[in-house]
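S.K.: Could you have a look at this structure, given as structure tokens, before my questions?
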């Protein structure tokens with residue numbers, strides 16, 4: 001990835017020099033740098049709010065209650081995880097935050113979930129089926145209210161920033177089902193090969 005960014009930067013600079021457009025390049029670099037800082041600060045605010053809310057929800061026992069409600073789904077998706085294992089709490093927090101569109105805020109809980117799943121892993125250099133399934137669920141992430149995208153649309157001056165909610169729910173529901181089904185299919189195939 002670092003090489004790709006390096007080549008893109010070099011091509012941009014060489015292209016600006018070749019077309020005698022170095023002034024425009026400098027202007028873009030300066031303006032986009034300040035835009036990037038503003039964007040990062042606004043996202044940090046959203047992440048701080050969601051992380052705080054999720055920690056409060058966890059301390060109040062709400063995450064455990066949500067986990068109990070999702071117990072059947074979680075057991076079907078992650079059958080080898082023992083009941084009451086700490087990874088379930090972190091996975092539930094990650095899934096809930098993804099459903100609310102706070103994907104960046106969900107990352108910390110996803111990493112904690114993976115750490116906890118690693119404690120159940122007997123082959124430390126190989127991902128377990130549960131780890132892979134969690135990654136698939138996390139990446140496909142069903143979203144009910146895409147707060148981050150709505151905020152970005154508001155920042156860009158959208159007349160109706162929340163009009164994407166239905167299409168987001170519909171498309172992420174499909175991607176989540178397809179991703180889980182595909183993952184299950186590959187897991188069954190790999191188990192057959194091992195036998």
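S.K.: What's the total number of residues in the stretch 19-29 that are surrounded by 10 or more Cβ atoms within 10 Å (Cβ to Cβ) and part of a helix (DSSP H, G or I)? Working first, answer last.
M.R.: Let us first name the residues in the stretch 19-29 that are surrounded by 10 or more Cβ atoms within 10 Å (Cβ to Cβ), namely 19, 21-22, 24-29.
Those left that are additionally part of a helix (DSSP H, G or I): 22, 24-29.
Qualifying residue count for the region: 7.
S.K.: Right, another one. Going by the conditions given, is residue 54 under 23 Å from residue 145 (Cβ atoms) and either surrounded by 11 or more Cβ atoms within 10 Å (Cβ to Cβ) or more than 20 Å from the chain's Cα centre (by Cα) (or both)? Steps first, answer last, please.
M.R.: Working: under 23 Å from residue 145 (Cβ atoms): yes; either surrounded by 11 or more Cβ atoms within 10 Å (Cβ to Cβ) or more than 20 Å from the chain's Cα centre (by Cα) (or both): yes.
So residue 54 passes the test.
S.K.: Can you find, within the stretch 120-145, the residue that is nearest to the chain's Cα centre (by Cα) among those that are in contact (Cβ under 8 Å) with a residue 12 or more places away in the chain and assigned to a loop (DSSP other than H, G, I, E, B)?
M.R.: Residue satisfying both the conditions and the ranking: 141.
S.K.: OK, next. Can we say residue 75 is over 17 Å from the mean Cα position of the chain (by Cα), surrounded by fewer than 21 Cβ atoms within 10 Å (Cβ to Cβ), at pLDDT 80 or above and assigned to a helix (DSSP H, G or I)? Quick ask: steps written out before the conclusion?
M.R.: Working: over 17 Å from the mean Cα position of the chain (by Cα): yes; surrounded by fewer than 21 Cβ atoms within 10 Å (Cβ to Cβ): yes; at pLDDT 80 or above: yes; assigned to a helix (DSSP H, G or I): yes.
Answer is yes for this residue.
S.K.: Let me ask you something else. Give me the pairs: first residue in the stretch 146-171 and under 17 Å from residue 45 (Cα atoms), second residue at pLDDT 80 or above and surrounded by fewer than 13 Cβ atoms within 10 Å (Cβ to Cβ), beta-carbon distance under 9 Å, and six or more apart or on different chains, which are they?
M.R.: Filtered contacts from the stretch 146-171: 153/160; 153/163.
S.K.: Residue pairs, Cβ under 6 Å, 6 or more apart or interchain, first in the stretch 47-71 and more than 17 Å from residue 86 (Cβ to Cβ), second at pLDDT below 75 and surrounded by 13 or more Cβ atoms within 10 Å (Cβ to Cβ). List them.
M.R.: Within 6 Å, the pairs are 47/104; 47/105; 50/102; 50/105; 51/105.
S.K.: Right, here's the next one. Going through the stretch 80-109 one residue at a time, which ones are surrounded by 17 or more Cβ atoms within 10 Å (Cβ to Cβ), modelled with pLDDT of 85 or more and more than 19 Å from residue 62 (Cβ to Cβ)?
M.R.: Hit for the stretch 80-109 is 81, nothing else.
S.K.: Let me ask something else about it. Just to be sure before I move on: is residue 42 surrounded by 11 or more Cβ atoms within 10 Å (Cβ to Cβ), in contact (Cβ under 8 Å) with a residue 40 or more places away in the chain and part of a helix (DSSP H, G or I) in the structure I sent? I'd like the intermediate steps shown before the answer.
M.R.: On the way: surrounded by 11 or more Cβ atoms within 10 Å (Cβ to Cβ): yes; in contact (Cβ under 8 Å) with a residue 40 or more places away in the chain: yes; part of a helix (DSSP H, G or I): yes.
Spelling it out, residue 42 is indeed surrounded by 11 or more Cβ atoms within 10 Å (Cβ to Cβ), in contact (Cβ under 8 Å) with a residue 40 or more places away in the chain and part of a helix (DSSP H, G or I).
S.K.: Among the numbered criteria (1) under 30 Å from residue 38 (Cα atoms); (2) surrounded by 12 or more Cβ atoms within 10 Å (Cβ to Cβ); (3) over 13 Å from the mean Cα position of the chain (by Cα), which single criterion is violated by residue 65?
M.R.: Looking at each condition in turn, residue 65 falls short on (1).
S.K.: Go through (1) touching a residue at least 12 places away in the same chain (Cβ under 8 Å); (2) part of a loop (DSSP other than H, G, I, E, B) for residue 83 and report which single condition fails.
M.R.: (1)
The values are calculated or read from the model by the stated rules, or taken from the named source; none is laboratory data. Computed from a predicted model, the values in this text were never measured in an experiment. Reconstructed Cβ throughout: ideal geometry from the backbone, glycine too, with neighbour counts over all protein chains shown.
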